[in-house]
Amino acid sequence: MDFLGSPDLWMLIAASVAKTIFLIFLVVLPMVSYTVYAERRVSAMIQDRLGPNRVGFPTTLLGFKKDLELPLGGLGQPIADALKFLLKEDFVPAHVNKPYFWLAPCLAMVPSIVVLAAIPFGSTFLGEKMVVADINVGLLFIFAIASVGVYGIVLAGWASNSKYPFLGGIRSSSQMISYELGLGLSAVPVLLIAGATSLTKITDYQVANGWLLFPFTDGKLSGSEVLLWIPALIAFITFTVCMFAETNRLPFDLPESETELVAGYHTEYSSMKFALFFLGEYTAMIAGSALVVVLFFGGWHLPFIPDGSAGWFWGLVNITVFFGKVAALLFVFIWVRWTLPRFRFDQLMKIGWLYIFEIALVNIFLTAGILAFTK
Amino acid sequence: MAYVVPRPNLTWKEKIYLPSIIAGLMTTLKHFRKMLTGETKVVMQYPEEKWDSHMPEHYRGAPTLVKDTHGRERCVACQLCEFICPPRAITIKPEEIPAESKWAKVEKRPQEFEIDMIRCIYCGMCEEVCPEQAIFLRKDYAITGTTREEMVHDKQKLYELGGVFDGLVHKWNPLK
């Protein structure tokens, strides 16, 4: 019990709080709002448009001759969006189940933020490990918390007491449960190769032996690494597909397919409650991309760049590299969304249960076999 | 009538679906890249850039009144445009030209000439029916206002927009 009174505990708490504030408020939430902006700009450019490229204050409303335009291009757009969400009327329909209706947006937002706690987003900075909670079952923790995210959507669909949200909620629950299996199974080969469930250890393994998807990043390529490349590639593809389904992104956005269900589970939500669903979706995207980066792209590692023990500058570089990789994956998320049409629901279920699940299962045995014969 | 929906036999390449996904991704990436490098130029930044110089000669914008080269208002207040106007946007109040005026022999002129631009449908019938070539559809298309009253163009505003028309009147022009 003397641990409780020791200065170590206070140091631990202070460091965790500092890291949480840095990660959530300085990195992830701004990243979320600018992902929304990037989504609008990239989609526009893919469709040969420009997207939001000017933001200003409508001073003409106050009687001035001209609007005041900010010289930022469209970069002020997320701030304007946030202001709009905060100032809009928060309308709660009379027929909803109020406690659950209020609970659902929180449940959609919170799990995707909690997930970030176990993700190592940098090597070390001033001797401090850049992960909020370095738990040895990191991956299991992430899957456990991420599966809570489905409750937000199901509760939203059910509490809205309206047919389209209800259908969206039902679709979402079946979709997320189906793809969680594939997600978990396609991560198993990574655990087999790295020999650990701690995300820090998985990153360390990739720093020492080359990234899973690019095993040559450590400068050498052995025979077993070439063989393990195949299951790593399969695991990456199945994992990414499942990640798309888990975050309800196109081509798997059945829960909110607007051509069929108005807006799906958040049809009845307005103002900041709707924004919370929106933020939850994008935070889940960032958490998912971060997980893919940690599992397959070597986390914060980049060849020829030393880790944080070489100085605080390199610690910062490592963090930047990590979020750079995440941003690149986010671009892929957006790019895929504006390319592929939506699946039909039976196709979605068929892909999940008949292909992804089987491929991931076989891939585990393939990896185990290769490991057994080469090591 | 019932009919059999043709089910094409897919090759294995089509069945695994990934090649077509990649082909699609490449297509969208091409569009993204061309937009980024400025190769595609389809969007115009509206208030700064306008299409005005590309507008065809026959473009039908806001109707306006014109004066001739001597500064006489061409309109003789015959009210044909008022009668033909499909949405009844034109209101004319005619008056007699006083005898001491230089143009007394024209006899009539509009005392008030109002076009309600909220009602106007830019059909150009007033221009077509006018025997004196006094009303023309110009190329102004951004007619805006903050009140209904502001959107009613009176005589002064119409002459301001129209200006002077010189040249032969169509009905005396053998080429027209």
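Helix B:18-36 sits at what angle to the longest principal axis of chain B, using alpha carbons and giving 0 to 90 degrees rounded to 10?
So the inclination is approximately 40 degrees.
Could you state the angle between the C-alpha long axis of helix A:77-87 and the longest principal axis of the C-alpha atoms of chain A, as a value from 0 to 90 degrees rounded to the nearest 10?
So the helix axis and the longest Cα principal axis differ by about 60 degrees.
Note the per residue figure in Å³ for the convex hull of the C-alpha positions in segment B:35-156. The partial results should precede the final answer.
On the way: hull volume 17.7 nm³, N = 122.
Hull volume over Cα atoms, normalised by residue count, gives 145 Å³.
How large is the Kirkwood hydrodynamic radius of segment A:260-306, in angstrom, based on all distinct alpha carbon pairs?
Details: mean 1/r = 0.0758 Å⁻¹.
Computed over Cα pairs of segment A:260-306, the Kirkwood hydrodynamic radius comes out at 13.2 Å.
For residue A:177 and residue A:61, what does the FRET efficiency come to when R0 = 56 Å and r is the distance between their Cβ atoms, rounded to the nearest 0.05?
Details: r = 49 Å, r/R0 = 0.87.
The formula returns an efficiency of 0.70 here.
At 25 °C and a viscosity of 0.890 mPa s, what translational diffusion coefficient does Stokes-Einstein give for segment B:1-69, taking Rh as the Kirkwood radius over Cα pairs? Give it in µm²/s as a whole number. Write down the numbers at each step before the final one.
Details: Rh = 18.6 Å.
For these conditions, the coefficient is 132 µm²/s.
To the nearest 10 degrees, how steep is helix A:223-246 against the longest Cα principal axis of chain A, on a 0 to 90 scale?
The helix A:223-246 is inclined about 20 degrees to chain A.
Can you give me the three principal axis dimensions of segment A:257-375 from its C-alpha atoms, in Å, biggest first?
Its Cα atoms span 53, 43, 23 Å along the three principal axes.
At each listed q (0.06, 0.10, 0.12 Å⁻¹), what is the log10 of I(q)/I(0) that the Debye formula gives for the protein assembly as shown modelled as equal alpha-carbon point scatterers?
Result of the Debye calculation: -0.49, -0.94, -1.20.
If the convex hull of the alpha-carbon atoms of segment A:1-99 is projected onto planes in all directions, what is the mean projected area in square nanometres?
Values: hull surface 54.3 nm².
Directional mean of the projected Cα hull area for segment A:1-99 stands at 13.6 nm².
By residue number, which cysteines of the protein assembly as shown lack any other Cys whose Cβ falls under 4.7 Å from their Cβ?
Result for the protein assembly as shown is A:106, A:242, B:75, B:78, B:85, B:120, B:123, B:130, no neighbouring Cys Cβ within the cutoff.
Mind listing P(r) for segment A:113-253? All alpha-carbon pairs, 10 Å bins, whole percents.
Pair shares across the bins are 11, 33, 31, 17, 7, 1.
Given C-alpha coordinates of segment A:215-325, what is the ratio Rg to Rh with the Kirkwood estimate of Rh? Don't skip to the answer; put the middle values down first.
Numbers: Rg = 19.0 Å, Rh = 16.9 Å.
On the Cα set of segment A:215-325, Rg over Rh gives 1.13.
Which distance in nm do the two modelled labels at residue A:148 and residue A:106 give, with both placed 7 Å along the Cα-to-Cβ direction?
1.2 nm
Counting residues in segment A:193-250 as N, plug N into 2.2 N^0.38 Å and put the Cα Rg over that result.
1.27
May I ask for the percentage of alpha-carbon pairs in segment B:96-141 that lie more than 13 Å from each other? Please list the in-between numbers first.
Working: 713 of 1035 pairs.
When every Cα pair of segment B:96-141 is considered, 69 percent fall beyond 13 Å.
Return, for the Cα atoms of segment B:71-123, the radius of gyration and Dmax in Å, separated by a comma.
My reading of the Cα-based Rg and Dmax gives 12.7, 39 Å.
Going 7 Å from the Cα of residue A:53 in the Cα-to-Cβ direction, what parts of segment A:67-109 have a backbone nitrogen less than 16 Å from that spot?
Residues passing the 16 Å test: A:70-77.
Quick one: which residues, 5+ away or cross-chain, put their amide H under 5 Å from the amide H of residue B:108? H built at 1.01 Å from N.
Correct list: B:97.
Within 10 Å of each Cβ in A:337-344, how many Cβ atoms from other chains are there, averaged over the peptide?
On the way: counts 1, 4, 10, 6, 1, 0, 0, 0.
Mean partner-chain Cβ count within 10 Å for A:337-344: 3.
Can you order the peptides A:184-196, A:56-68 by their average number of other Cβ atoms within 10 Å per residue, highest first? Provide the component values of the computation, followed by the final result.
Numbers: A:184-196: 20.5, A:56-68: 10.1.
The most tightly packed comes first, giving A:184-196, A:56-68.
None of the figures in this text is laboratory data; all of them are computed from the coordinates on show. Keep in mind that what you see is a predicted model, and the values were worked out from it rather than measured. Cβ atoms come from the backbone with ideal geometry, glycine included; neighbour counts cover every protein chain shown.
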